[in-house]
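Comments concern the structure below.
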């Protein structure tokens with residue numbers, strides 16, 4: 001099965017909004033409606049920003065270094081494994097992994 005497109009995501013959000021509007025008024029309904037409307041707005045902003053960057057010949061995806069701080073567990077001599085360092089976020093990566101578990105960067 002193919003991955004959903006942004007347009008399909010927006011249609012799904014719109015159908016969810018329509019369905020939730022038919023529910024009896026409650027705090028949960030208001031919260032869910034707000035979540036759906038905000039997600040729809042973000043999808044539209046993303047689509048517009050992507051299109052503008054593409055038209056301006058600017059790479060729409062800018063890789064940023066990870067800003068999440070990672071605390072390292074205390075090292076024990078019995079638990080030493082072969083580790084590498086991610087070139088994107090400087091996190092440690094097990095040598096047998098094909099990607100960084102912290103930021104998802106492929107090796």
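Within the bounds of the range 33-47, is there any residue that is surrounded by fewer than 10 Cβ atoms within 10 Å (Cβ to Cβ) and out of contact with any helix residue (DSSP H, G or I) (no Cβ under 8 Å at 6 or more places or on another chain)?
Initially, the range 33-47 is screened for residues surrounded by fewer than 10 Cβ atoms within 10 Å (Cβ to Cβ), giving none.
No; the residues of the range 33-47 include none that is surrounded by fewer than 10 Cβ atoms within 10 Å (Cβ to Cβ) and out of contact with any helix residue (DSSP H, G or I) (no Cβ under 8 Å at 6 or more places or on another chain).
Name the residues in the range 49-62 that are farther than 19 Å from residue 4 by Cβ and not in a loop (DSSP other than H, G, I, E, B), would you?
First, the residues of the range 49-62 that are farther than 19 Å from residue 4 by Cβ: 49, 52-59, 62.
The answer is 49, 52, 53, 54, 55.
Restricted to the range 48-60, and to residues that are touching a helix residue (DSSP H, G or I) at 6+ places or on another chain (Cβ under 9 Å) and closer than 22 Å to residue 9 by Cα, which residue is modelled with the highest pLDDT? It would help to see each step written out before you state the result.
Pass one, the range 48-60, residues touching a helix residue (DSSP H, G or I) at 6+ places or on another chain (Cβ under 9 Å): 50, 58-60.
Add one more test, that the residue is closer than 22 Å to residue 9 by Cα, and what stays is 50, 60.
On the way: 50: 91, 60: 79.
It comes out as 50.
The values are calculated or read from the model by the stated rules, or taken from the named source; none is laboratory data. None of these values were measured; they are calculated from a predicted model. As a convention, Cβ positions derive from the backbone with ideal geometry for all residues, glycine included, and neighbour counts pool all protein chains shown.
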